[in-house]
Amino acid sequence: MKALRVVMKKELDRVFHDKKLVFSLFILPAVMMIALYGLMGMLAGQMMADIAEHESIVYVVNAPSDFKNLVLEDSDLVWNDAAADQVTALKEEVRAGEADLMIVFPEQFSESVANFQAGDPVPEIKTYYNPADDYSSNARDIFGEYYFPEYEEQLLKERFSDLSVLTPFVVDSAEGQEEESSIVTNEGQAEGQFLGMLFPYLIVMLLFTGPMSLGVDAIAGEKERGTLASMLITPAPRRDIVLGKLFSLEILSFLSAIVYALSMIIAIPFLAGDLTSSASGVKSLVNVTSVLEIILVMVALVFLYVAVVATLSVRAKSIKEASSTVSVIYILVVVAGVMTMFSGNTDPALWRYEIPVYGSALCIQKVITGGLTLPAFLVSTLVTLALGAVLTWMITRAFDDERVVMNA
Amino acid sequence: MLYWYHPINPTGGSCLHEEIMIEIQNLTKIYKLNKKQMAEQKTKNALKVAVDDLSLSLKPGEIYGLLGPNGAGKTTTLRCIATLLKPTEGHITVGGYDTIKDSAKVRRQIGFLTNDIKLDPQFSPAYLIRFFGQLHGLDDETIRRRQEELFTYFGIHDFENKKVDELSTGMKQKAAIAVSLVHDPDIIIFDEPTSGLDIITARGVTDYLKEMKNAGKIVLISTHIMSEAEKLCDRIGIIINGRKVCEGTLAQILAETHAQDLEDAFFHLYTTHGHLEEEGGAFR
Ligand SMILES: Nc1ncnc2c1ncn2[C@@H]1O[C@H](COP(=O)(O)OP(=O)(O)O)[C@@H](O)[C@H]1O
Ligand SMILES: [Mg+2]
C-alpha cells in the first residue's frame, strides 16, 4: 500500500511539476473553449445586430396603395415603387445585392381581389430575393411571415366582414385554459435542450482525451522507454505499481474533465449572447442531485476509460501501436456521443443504458433535460463500473506476465 | 573444463563470506518469437533458446564476469536472476531465496542495472533516488544518507536537480548506478556497466565495483570487452550461444586454452563452440 502511494505521487508530480503540461492539460483547454465560444457568440451577435440595423431596400411593382400604407406605417424600410418594365433590371440588382427584395403584384390586383368570383384564378404575388444573401433573405422573411399574412387578413375582412365564416372549427381554444400551456417552450427548457444535446456528447468525448494523452504515455511510453522495468526490479508489489499508476491517471483525467465541464458552463452564455437567459438555463443544471448524478456518471466513465486505455497500452509493444488502437476506441466513443444527439425526446428503453459509454451519455442527457430514472442511472453506472473493474483486474494480472511487461 | 576451487569451510560454520549467494542450476530460457522477430532474426523457428542449461555459483567478495558476444544470452541470464524473467527450466536462488517463489525478497538484495532499463527522463536524479528509496521501503533518513554518499562518490551533486533528459550519457549512467544502489544491496548485477562511457567515467565505475567487492559484496557483470574482463574480474565465464563454454580465473582460462591472452582464448573457444549455430553474433 505504501508503494502504491509512492507511485501515485510520482505520477501526479510528473504532471504538476511540469508547468508546460499543466498548462496544456488544464489551462489551455479552458481558455480555448471560453475564447472559442466567446468569439462564436460575438460574431453571431454582431451579424444579427448588423442585419437588424440594415434598412431593407425593397422594390414593389404595381403596389396596391393599401399594402404600401400597411407596410410603411410600421417599418422604416426603403420602399421604391417600380414599373413593370423594370423587372428584368431589378432582378439583376437583387442578384448583385444592390436591392434586397422585389415584389411584383399582378396588374389590377386590387380590382381582381374585389371582384373575385368562385372559380376565378387566384391572383399571384411574386417575390424575388437572393437566399444566399443574409439581408435579402431576411427582408423576404419579414414580408413572408409578417406583412403578407397581415395584408391577407385585411383583404379577407373586407371580403367577408366576419372572419369566422372562414373558421369551421377550432382546436384547443385558449379560452378556459392556462395561458402558459399553449407556449411550447419557455426559455429555460430551450436552454436545457440545447445543453442536453451538446453536453453528453462533449463530456463523453472530452473525458476520453485525458486518459488518451496521459495513459498511453504512462504505460506504453514507460514500457518503450525502459523506465517501467526500473520499478519492477524493486521489492514493491507489482499490483501496487499498476494501481498507483491507474489511480493517478483517474485523478488527472477527472480533473481535466472538471476543467472542461466548468469552462463549458462558463462559455455557453457567451455563445447564447444573452447572459441572463442562459444563466437561468444553467441554473436548472445546478441543483445538488443533478450535479451529483453527473459527477457520479463522470467518475464511473473515467474509471472505465482509464482501464480501457491502460489495457490497450499494456498490451502494445510501442507508443505508436498503443495510440493507434486507442484512437480506434476514441472514434467509437465519439460515435456513442453523437448517437445521443439524435436520440430525440422519447424515453430510451432500459437496455440502452447497459451499453457502456452510450448509456452514460444518455444519463447525462436525461439529467439535463430532466427525467433520469433511478433504474436507468443504476444500470448504466453499475455496468460501467463493473466493466472497468474487470479490465483493471486483467491489467494487474498482465503485469505478472513477462511477455507483457518485458515484451519477452 | 575448469571449476573454481574453493575450500569447504572446515568448521562447517556459517561464515557469511563463505556462503554461496547466487546459485543458478541448469538455467534454460526459451523465448517465443513472434512473426516480426522471426523475420528480424531470419529464422523459421518460433522458439529461441537464449540460455541453454547454464549453471553458476557466486560467492561474496568476488567480481564475476559473463563474457560473450552480442546475443550470447548474458542479459537474459541477468534478467532471470533479477526476477524480471522466469526460467523456462532450472532454478535460481539468491541469498537462499528462490527467484520465483520469493521474488520480492530476491529483489530486496540486488542492485540491478542494464542499458535497457532507464531512469525516467522527466525527473531529476535527486527525485529518483528518493523515489526508488521509498519503493525499497527505506526511511527518509536512510535515503538522505545514501544519497549523500553515492552522489558524492559519483560526483552527481552538480546536476542532481536537473532532469535526466538534460544529462549527458555519462551523467545518466552515473545517476542510474547511484539510484540502483540506494538500498545498499549485497549483490550488484550490472549489465555492460561501462558501455557507452568515456574512459574516465568507465574507470570510476570499475573502481567502485572493486570497492564493493572489497566490502564483501557479490559483483556480477556482463561484458563483451576483453580488457575489462581481464582487469576487473576475479572469475570469468565465457558464454557462447547461451552455453557456458569455459569458466575460471584468467590464468586458468589461458592455461586450459593454451592462449596468450583472453582474446586468443575467446577465439579458440568461439571456433570450437560458435559454429554450432550460425547466429552466434560477432563482436562489434
Ligand atoms: N524479448 C526477447 N524476445 C525474443 N528474443 C529475445 C528477447 N530478448 C533477447 N532475445 C534473443 O535472445 C538471445 C540472447 O539475447 P541477450 O540475452 O540479450 O544477449 P546478450 O545480452 O548476450 O547480447 C539473442 O539471440 C536475442 O535476439
Ligand atoms: Mg545484452
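Counting protein heavy atoms only, the protein assembly as shown has 58 percent of its accessible area on carbon and sulfur, 1.4 angstrom probe. In chain A, which whole DSSP H runs stretch at least 15 Å along their own axis (Cα) and average 0.0 or higher on the Kyte-Doolittle scale? Qualifying helices: A:28-53, A:187-216, A:238-272, A:288-315, A:319-341, A:358-369, A:374-398. Residue-wise HN-Hα couplings along the range A:219-230, as the Karplus relation 6.51 cos²θ - 1.76 cosθ + 1.60 with θ = phi - 60° gives them from phi, are 10, 5, x, 5, 5, 5, 6, x, 8, 5, 4, 4 Hz; Gly and Pro carry x. Of all the C-alpha pairs in chain B, what % are more than 34 Å from each other? Percentage above 34 Å: 21. Accessible-area rank, largest first, for B:GLU263, B:GLU247: B:GLU263, B:GLU247, with all protein chains present and a 1.4 angstrom probe.
Restricting to bridges with both residues inside chain B, how much of the DSSP beta-bridge set is antiparallel, in percent to the nearest 5?
55 percent
Only helices enter the 222 nm calculation for the protein assembly as shown: every DSSP H run of n ≥ 4 contributes -39,500 (n - 2.57), and dividing by all residues gives -17000 deg cm²/dmol, rounded to 500. The mean accessible area for residues of chain B, using a 1.4 Å probe and ignoring ligands and nucleic acids, is 47 Å² per residue. Taking the alpha-carbon distance from A:LYS19 and a cut-off under 15 Å, which aspartates and glutamates remain once sequence neighbours fewer than 8 residues away in the same chain are dropped? List returned: A:GLU11. The stretch between A:ALA44 and A:LEU70, if pulled fully straight at 0.36 nm per residue, gains 6.2 nm over its current Cα-Cα span. Backbone amide hydrogens, once placed in the peptide plane, bring B:LEU220 within less than 5 Å of B:TYR64, B:ILE188, B:ILE189, B:PHE190, excluding anything fewer than 5 places away on its chain.
From the Kirkwood radius over Cα pairs of the range A:51-165, Stokes-Einstein at 25 °C and 0.890 mPa s returns a whole-number translational diffusion coefficient of 163 µm²/s.
The lysines whose alpha-carbon is closer than 27 Å to the alpha-carbon of B:LYS101, local same-chain residues fewer than 8 away aside, are A:LYS2, A:LYS223, A:LYS245, B:LYS29, B:LYS32, B:LYS48, B:LYS59, B:LYS74, B:LYS86, B:LYS118, B:LYS217, B:LYS244.
Placing B:HIS268, B:HIS224 in order of accessible area, with the largest value first and a 1.4 Å probe, yields B:HIS268, B:HIS224.
Once the C-beta distance of A:VAL78 and A:PHE148 is scaled by a Förster radius of 25 Å, the resulting FRET efficiency is 0.85 to the nearest 0.05. For the pair A:ASP401 and A:LEU350, what calculated FRET efficiency results from E = 1/(1 + (r/R0)^6), where r is the Cβ-Cβ distance and R0 = 35 Å, to the nearest 0.05? E between A:LEU350 and A:ASP401, to the nearest 0.05, is 0.40.
Roughly what percent of Cα-Cα pairs across chain A reach past 36 Å?
50 percent
For the protein assembly as shown, pairs of C-alpha atoms spaced more than 36 angstrom apart make up 60 percent of the total. Between A and B, roughly 2600 Å² of accessible area is buried in total, ligands, DNA and RNA not counted and the probe set to 1.4 Å. In chain A, once you exclude exposed chymotrypsin sites (Phe, Trp or Tyr not before Pro) (DSSP loop, at most 10 other Cβ within 10 angstrom), what's the longest stretch remaining? Longest stretch, sites excluded: A:170-341.
The values are calculated or read from the model by the stated rules, or taken from the named source; none is laboratory data. Being a predicted model, the structure only gives us computed values, none of them experimental. Cβ coordinates were reconstructed from backbone atoms using ideal geometry, including for glycine residues, and neighbour counts include every protein chain displayed. Calculation scope for accessible area: heavy atoms of the full protein, side chains included, ligands and nucleic acids excluded. Shrake-Rupley method; radii C 1.70, N 1.55, O 1.52, S 1.80 Å.
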